[in-house]
1. Once Rh for chain B is found with the Kirkwood sum over Cα pairs, what is the Stokes-Einstein diffusion coefficient at 37 °C and 0.692 mPa s, in µm²/s?
2. Which whole-number percent is the relative contact order of the stretch A:11-97 (Cα, under 8 Å, 6+ apart)?
3. Output the relative contact order of the stretch A:136-259, whole-number percent, from Cα pairs under 8 angstrom with separation of 6+ residues.
4. With point charges of +1 on the Cβ of Lys and Arg and -1 on the Cβ of Asp and Glu, referenced to the Cα centre of the stretch A:289-334, which listed residue (A:GLY295, A:PHE308, A:TRP332) lies farthest in the positive direction of the dipole?
5. What is the spin-label model distance, in nm, from B:VAL144 to B:ASP508 if the labels are put 7 Å beyond Cα along the C-beta direction?
6. For A:TYR464, which sequence-distant residues (separation of 5 or more, or a different chain) have an amide H within less than 5 Å of its own amide H, given hydrogens modelled in the peptide plane?
7. Past the 18 angstrom mark, what percentage of all C-alpha to C-alpha distances in the stretch A:289-343 do you count?
8. Per q in 0.22, 0.32 Å⁻¹, report the Debye log10 I(q)/I(0) for the stretch B:92-131, using one uniform scatterer on each alpha carbon and no solvent.
2 protein chains.
Amino acid sequence: MSEPKENPLMEKIVSLCKRRGFIFQSSEIYGGINGFWDYGPLGAELKRNVKELWWQTMTRQRDDVVGLEATIIMSPQIWKASGHVSTFADAMIDCKTCKGRFRADQISEIPCPQKPSKMVSECAGEKTEPRAFNLMFKTYVGPVESDDNVAYLRPETAQAIFVQFKNVLETSRQKVPFGIAQIGKAFRNEITPRNYTFRSREFEQMELEFFIRPDEAIEAISSSVATPASKDHPGEPQPNWGWQLWHQYWVEERIKFYGNIGLPRTTLEEYWQKPEELAHYARATVDILFKFPFGTQELEGIAARSDFDLSQHERFSGKPMGVFDDELKAAWEKLPKETQDALWRRYYENRKKYLVKSGVQEEAAAKSATEDANGLAKGQYIPHVIEPSAGVDRLILALLCNAYNEDQAPDEKGKMETRVVLRFAPCIAPVKVAIFPLLKNKPDLVAKAKAVRDLLRQHMNVFYDEAGAIGRRYRRQDEIGTPFCLTIDFDTLGEKGDDLKDTVTLRDRDTMKQERLKIPELLPFLLSKIR
Amino acid sequence: MSEPKENPLMEKIVSLCKRRGFIFQSSEIYGGINGFWDYGPLGAELKRNVKELWWQTMTRQRDDVVGLEATIIMSPQIWKASGHVSTFADAMIDCKTCKGRFRADQISEIPCPQKPSKMVSECAGEKTEPRAFNLMFKTYVGPVESDDNVAYLRPETAQAIFVQFKNVLETSRQKVPFGIAQIGKAFRNEITPRNYTFRSREFEQMELEFFIRPDEAIEAISSSVATPASKDHPGEPQPNWGWQLWHQYWVEERIKFYGNIGLPRTTLEEYWQKPEELAHYARATVDILFKFPFGTQELEGIAARSDFDLSQHERFSGKPMGVFDDELKAAWEKLPKETQDALWRRYYENRKKYLVKSGVQEEAAAKSATEDANGLAKGQYIPHVIEPSAGVDRLILALLCNAYNEDQAPDEKGKMETRVVLRFAPCIAPVKVAIFPLLKNKPDLVAKAKAVRDLLRQHMNVFYDEAGAIGRRYRRQDEIGTPFCLTIDFDTLGEKGDDLKDTVTLRDRDTMKQERLKIPELLPFLLSKIR
């Protein structure tokens, strides 16, 4: 937690989050626990709104994506297949003198615990060679702490989707191309959690695995694979899209989503990983970055993962992960022999390349790839995957940073003062509308205000506040990003005549302008603004 | 998983859940992992609906409850304070011969792994004495697996609420009485997970901790504490309610909630724990039970937990957990001396009783209780708690069991056949409305059906299906509990004239009756039914 404190803007945001109940340190009364953060009342609402909008956008508004909710603890075999057991590790060095353990790549930045004037790399302590330290949290399932009973807290939600792929396919009436979406907690035993909630040990992910036909199948069916014309939005999905267009499509869909929840394109950067940066199974990866006060950092990665994941689980579980595609079968039979051969060969080469990379011996790989390519000719393949994978907590932090704003506004006496305002998009704001009776000691005003509250509450999150001057009540709502405030005054009660009767003052957070609306107009007006 | 199989009704429900994608075994392709279950596409929607309705009912529709979203891994000190480290354990016996480990209370029911003809209690193997086996999953946070770094996966969500009580109080503009609600995962390393998803090792809870004044404070403020007249609903909260009425209130609120999501009172039992069954800190506990096919079992417990929880965390953290109540302070000063003395004495006795029970020595307890009672006279106290605590997974199972139904309905040719139907309350149904074009090879029908789908989709979860005879499509929806189906036919297109143009056939799942509605009437009609 040192870095944000060195950044004045982050310091203000962290302080606001604590003061107004967005984010608390986990277990604070016991001195906290490094890398774990709780969401207070407003943070919990903000997070619920963001997750709900993601779920709506990614599953309920589409015909081609369904949801899944899998467990955090799964069979440990999954993490062998995914590579996490063997490679999800940081190199660590132990100091035999001070008994400290340090990340090998950080020893020249970390002061020696015994002689803080020197860095660990320079101090006299006797060090071990670097050793791999796995970042998965380990536990034991069942009463015996034996190797047989080891289990891990999932370090990502994606794998659960891959292992349930066939179950979902067989029960959901979907056909490739289609996706499976999941929101859930994941855990990484980071050596150095940092940047407030940005890199924490317990976090939440929103992941979509979108399964597509291999390009060879597309070419067989549609005679060619559409080529990406530019980095612009490729439009609505077409049958002749291969992995490149699907990948571009999801990059643009995700950026559109961020725009819809209040992160304009100018706050984001799109980073296309260079070939040498790609994971060995990835054909392309785009990182969507946000300009945080502490640096430009990743919000989401969108990877074209080929058929790596399902293939690994097929090999490790011995259960077939392929699908049968009757369109492919029918199309293949009508192809000229040369085309069949060319497609067979390309599929064969790709499969063999995967198998060899995954450690299968040359000869066995050739045999297995031959079977796979023969399968393709009969309409069978292992789907490829496009994976848009977003971190909820870092997104919440980005939304808070982006919303934080200070401007000048007059106080009760007309004197200008600094106003802190969170300019959340109304669709994610924790409170949509605050409702104030002008005075709390006038029962008629209070009763009317409560009636308005009850009218709106069925449809949106409201906050009722009767304490203090109206100006102070506005400031409190500005600071938590409430887009609208309603004041019920004597005019509402009809004291100035029928014209103003049953009208209320609606005040806009951003423009600070006030207008009078009739009570029956409130609900449609607000609903149109908060969606 | 043996028990459900022995029960024909459970067998059908388990089979339906797998077949239609409500529930899958976690990690199934790797042989599963005992006590862990995944929710497929329909199960995930059902669970989301139930959690959303709980959150709406418990927080957003009320002024006096706010939310929280805390981490699963918290400071291990919390579980010392709560008693989980020392007492959340089963007694286990090891067999030195077969190396098995068994629950001490089950050795006469479990067959010996080496000689299955005998039970563990009768076999020749040499057994250890029973030893406590803690049910919390243990892990290590940070790079060193030392005692200092032990952490647990939370066995309940409640404690996070208690440790953040002051943070929430200070940031949320709430005053006692008020509540903090949380939904989240919890983990218990059950020795024998059983009854399908009913008792699993990873599960989700929906918990409310509702903080109230101690009865002595109520009496000081309102001159007397209202007494419960009967077990009927006590009505809307009143200032003179003590813990008994608040407890009754929450029991009734929770039963009302179950009614609203489709579990009528007749399917539930209310069990008031007998004094000898109560946990030592509880003043009363009501279990709400559901009549599962495998027996009548607990869905939710509603406990009056006195001030035990906050007091424990005050003692273990050294941080004050009391609140200052200006109404109490003002009221106390006006009380006759005898009343002050009597209330002082009662509060003193209660606090002393708690402290002695918690292991504080007599003399120290008397001193501390004196300070507490002196605090009361100045308006300070530790709030008491009413805790409605529900298990999401067992509730989902109850909803599935309750919804499962078979009746007789005519097939396409008019012959009666058995129809499987899930009679979900529309508000929890995973799909609210299915939309069918009469024929899939008529572009006009398909286009119209998709237009209706897009119209409704903004407001509810829809399912579009064009495959197979209408009767078969109805059956598919019946089996997943979709309350309404819409068919777009040639009449919709206006082929029988203007009267029927832009009308669709709406079919009701339960009555199987069909009626024609105009398209513009659909949305208001459906919205009124699904809420």
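The values are calculated or read from the model by the stated rules, or taken from the named source; none is laboratory data. Predicted, not measured: the structure shown is a model, and the values here were computed from it. Every residue, glycine as well, gets a Cβ built from its backbone with ideal geometry; the counts of neighbours run over all protein chains shown. Each accessible area value is taken on the protein alone, full model and side chains, heavy atoms only, with ligands, DNA and RNA left out. Shrake-Rupley method; radii C 1.70, N 1.55, O 1.52, S 1.80 Å.
1. This corresponds to a translational diffusion coefficient of 123 µm²/s.
2. 15 percent
3. 18 percent
4. In the stretch A:289-334, that residue is A:GLY295.
5. 6.9 nm
6. Answer set, sorted by chain and number: A:ILE435.
7. Distances greater than 18 Å cover 66 percent of the Cα pairs.
8. For the stretch B:92-131, the Cα-only Debye profile gives -0.55, -1.20.
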